[in-house]
Each structure stands twice: as C-alpha cells, then as structure tokens.
Amino acid sequence: MNTTPAWSLRAAEAADVDPVAELRAVVLRPDLERLGRYDEDRVRRRLRDSFSTRWTSIVLVDGAFAGSVTVRPAEQGGRLLEHFYLAPRHQGRGLGSAVLRRALAEADAAGDPVRLNVLRGSPARRLYERHGFVLETEDPVDVFLLRPPVTSPAAARLQDRALLWGTGELRAREVVEAACEALVAGLDTPALRILAACAYGEAEDCVADLLPPALAELGLVFHPLDSRCAEEAGLAALAGRLLTGELTPRELADAVHRRYGHESEAAEVLAQLDDDYGVLEYINRTEGEVDAEVWAEARRLTAYAGPPRWSFRRPDGWRPAGIQPMGGQPGRPGGRGARGPC
C-alpha cells in the first residue's frame, strides 16, 4: 500500500532554477511528445524565463529535492498554480495530493479562486479534478481549470477556537479538539497533526508553541497576544458567540468586562453595560433594554471585524503577515498591559 512520505517545503533559491528546469523536462516530456511539441531547449527555457523565487517553493522528502510548486497572484484575480512537478520516484504515493491540499487550504482561507492549466490528455488533470477543479476553457494544447474557493467549517472553527483561547474564554484542550476536527475534515498538514496529537493534560503548556505554525500552514491568522489585532478579533469572536446562541447578552457583557475591563476602548461599551446589569435596581432601565444594547454592540463588533484578515503568504518561512512567536508564559494568554502592534 502506498504511504505518503514525510515532506516539507522551503523557499526557492536562485540555484534551484536548473534542477526545476530539468525536472520539468522529465515530467512533461511524455505529454509534449504525444502532442508533437517537445523541444529540449524550449521546455527548459520556458521554466527559466518564468521562474520566481518569490512565489516558488521546493518540495523536500527526507531533506532532499523532490519537486516544486509555484503559487502566484493571477492576473484575473485569485491565485495561479504552476510549475507543480514531482520527481517520478515520488509520484503515486499521495505526495502530490498532500502538497496540493496545503496550497488549496491557504487559498480557501483567503477566499481566493485558483487557476492552472495542464496539457491536453495529461493524467494530472484527474488529480486536479479530484480536488475540485473544473474546466474553464481549453485550446488545442492546454486545458485551463478553475477551482472556486471552498469555505471549510472546520478551518473556521479552528480559527474561532484559537481567538477565544486567546481571550481566556476557552481552555487549550478545546483548541486541540478543534485541530482534531480539522484533521478529520481533511485539512491535513504536518503542524496541524502535531497540534491534534497534543495530550489534553499537556495542552496548557504546548498549545502556545504548536498553534501558530498549525494556523500558518492552513493560511489562518494568529494574532500576537495583547496586540490591538488580537483584541479586535477576540472581541468579534466573543460577540459572535452571542449571535450563535452560545452566550446570553449578560454573559457576553460579563466575559468582555472580565477579559478587557474598562482599559480597552474597543470593549468599553460592553464593560459599561455589564456595570449596568449590576445596578438595574438603581437606574431607570430594564434588563431588556440593556440586552438590546448588548445585541446592538455585538452586531457592530462582528460587522466591524469583517472578513478575517487573511494575507497571501510568500513561501519564505511559510508564515502569514502578522504571525509572530507567542510571548508570555507558555500555554497561557499574556497578561493585561500595553498592547503591541498587530
């Protein structure tokens, strides 16, 4: 039975252009010869002319060169996947699907469609169609495929659990549980597997280190704790729990007040409303009136947050903009204090 080898990606370097050009010539030769278009010089020159270290990653198996993949912004919007080649000895073992799933997970997280083209009659087309690509157009030589973005509920839940853990509202083990759910849903990446394998008893000490790379591999966002971005995203995540029925208005106001107090300008409205709940008998207001204001503020916070702040990640380091190593005590959200930049 075929098993996917352990693999990793690294940013391409200028010295990689020749190995990738040679691999391209080997991989494309059968299809180009079948179409009567194989030319030893042109097949290599076209790779060298378009090779970009900025957008290309090198696939490694056991630390050795095994292939390449390029994902760059497409002229018509979204992303263009090209120069996806694997050495013949690594084909048919699930490696291509694993690398492709990571690239597509990142595109889905950003809401980006992905385009590519394959040669007519190429068996690679079946791989792409299994992962949701459909025919966009074709000509006598090339078939152009498009994959619309797919919103993954499992990825959204993991992002949400991470944000709520950062506010102190969830335990670290609940982040691990969300990582397990993401794995079951097919979002399989190396760092996600490590996070999902974390024992519940060790989660408080491990999640701080394991969560950022797991989110990064899925194209999700980790906000440095005690940053303005973390505060805004955490408030929106808490407000979303009211809209989904997980919290009552009074519970939301209490949670925000406990986490942020009156020091946070963004949380001040809910913190003040939590104070109002405590003195209803002394003020000329009903609980229903305060509830209505909490609902209005929750809707404002979730609308203000808008879509998650995704970023298109360059391969160098495979880390989205804004992702930094977590500071503070391992496994625990940092204490209240001066908030750093996003």
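The values are calculated or read from the model by the stated rules, or taken from the named source; none is laboratory data. A quick note: this is a predicted structure, and the numbers were derived from the prediction, not measured. Neighbour counts run over all protein chains shown; Cβ positions are idealised from the backbone, glycine included. Note: accessible area is taken over every heavy atom of the protein model, side chains too, but ligands, DNA and RNA are not part of it. Shrake-Rupley method; radii C 1.70, N 1.55, O 1.52, S 1.80 Å.
Mind listing whichever residues of the range 84-129 are basic (Lys, Arg) and not in a helix (DSSP H, G or I)?
Matches in the range 84-129: Arg93, Arg115, Arg120.
Any idea how many residues of the range 103-133 are over 23 Å from Leu187 (Cβ atoms) and open to solvent by less than 40 Å² (accessible area, probe 1.4 Å)?
Matching residues across the range 103-133 total 3.
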Selection from the range 134-153 of residues aliphatic (A, V, I, L, M), open to solvent by less than 40 Å² (accessible area, probe 1.4 Å), in a strand (DSSP E or B) and over 17 Å from Ser97 (Cα atoms) yields Val143
Query raised in the report: Can Glu40 be described as open to solvent by 20 Å² or more (accessible area, probe 1.4 Å), within 25 Å of Glu138 (Cα to Cα) and either modelled with pLDDT of 95 or more or of a type outside the set (A, V, I, L, M, F, W, C) (or both)?
Result: yes
Taking the range 51-102 and the residues there that are open to solvent by 40 Å² or more (accessible area, probe 1.4 Å) and among the polar types (S, T, N, Q), the one that is nearest to Gly186 (Cα to Cα) would be Gln91
Taking the range 175-199 and keeping residues without any contact (Cβ under 8 Å) to a residue 40 or more places away in the chain and either aromatic (Phe, Trp, Tyr) or touching a strand residue (DSSP E or B) at 6+ places or on another chain (Cβ under 9 Å) (or both) leaves none
Exactly one of Leu211, Leu218 is at pLDDT 90 or above, among the hydrophobic types (A, V, I, L, M, F, W, C) and under 27 Å from Ser57 (Cα atoms), and that one is Leu211
Flagged in the range 269-302 as among the charged types (D, E, K, R), open to solvent by less than 50 Å² (accessible area, probe 1.4 Å) and within 14 Å of His257 (Cβ to Cβ), in numbering order, are Asp274, Asp276, Glu297
Flagged in the range 22-75 as of a type in the set (D, E, K, R) and closer than 22 Å to Asp112 by Cβ, in numbering order, are Arg54, Arg72, Glu75
Quick count over the range 214-240, residues being surrounded by fewer than 24 Cβ atoms within 10 Å (Cβ to Cβ), assigned to a helix (DSSP H, G or I) and more than 18 Å from the chain's Cα centre (by Cα), is 5
Going residue by residue through the range 72-83, is there one that turns out to be free of Cβ contacts under 8 Å to residues at least 60 places away in the same chain and part of a helix (DSSP H, G or I)? no
